[in-house]
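Single-structure report; data block below.
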Amino acid sequence: MAQNEAIDKYFEALTDSYDAIIDAIKAGNERGLRVSSSLLSEAQRGQREAVQLGRKFAGDPTDVRGFYRAMMESTTKAQGRALELTRQMFDELSESGSETRDTIEKVVKAQRAAGEAAVAAARDVAGATADRVRTRVERVTNRAATEAEDVAGAAKRTATKARKATANSNGTK
């Protein structure tokens with residue numbers, strides 16, 4: 001795998017990981033908005049029913065039976081709303097668990113891909129570095145061998161001259 005491909009794959013995996021996390025946060029915000037909207041709507045209904053009860057009582061304080069019936073209806077509606085809110089909360093929690101699991105799977109998959117890409121990039125860099133080092137070591141070795149041969153050749157020539165000079169001086173004495 002070429003180094004640029006590995007780097008691209010690494011950053012794509014990171015992007016996928018961050019996208020999964022951001023999508024989970026968005027889904028959580030939307031879920032929170034749904035729950036908040038439901039709570040506000042139910043609070044508004046409860047407040048209106050309480051006002052209606054107050055009006056009923058203020059309109060005819062002696063109608064205990066009618067007020068009691070209205071109060072029981074209001075209480076029953078409130079209990080139904082509370083049960084519905086509870087059901088909605090459980091549904092949202094269940095959905096949240098599924099989304100969390102999906103997000104974790106996506107992040108782990110993306111991180112695995114990023115890790116593999118990082119290892120591939122490191123191998124490519126190490127391979128390229130090793131090739132460069134090998135090439136430079138060969139150059140230095142070849143240069144040193146050439147210089148050693150040159151020095152050996154010069155030493156040999158000097159030794160030959162010294163021998164000749166010694167032989168000439170021995171023969172002339």
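The values are calculated or read from the model by the stated rules, or taken from the named source; none is laboratory data. On a predicted model such as this, the values are computed, not experimentally measured, just so you know. Glycine also receives a Cβ, built like all others from the backbone with ideal geometry; neighbour counts cover every protein chain displayed.
Give the number of residues within segment 80-100 that are farther than 19 Å from SER37 by Cβ and modelled with pLDDT of 90 or more.
The number of residues fulfilling the criteria is 0.
Restrict the check to segment 51-70 and report whether at least one residue is surrounded by 13 or more Cβ atoms within 10 Å (Cβ to Cβ), out of contact with any Phe, Trp or Tyr (no Cβ under 9 Å at 6 or more places or on another chain), assigned to a helix (DSSP H, G or I) and of a type in the set (A, V, I, L, M, F, W, C).
no
Every residue in segment 3-59 that is touching a residue at least 40 places away in the same chain (Cβ under 8 Å) and closer than 18 Å to GLU95 by Cα, please.
Within segment 3-59, ALA20, ILE21, ASP23, ALA24, ALA27, GLY28, ARG31, ARG34, VAL35, SER38 qualify.
Among the residues of segment 100-126, count how many are farther than 20 Å from ALA24 by Cα and among the hydroxyl-bearing types (Ser, Thr, Tyr).
Count: 0.
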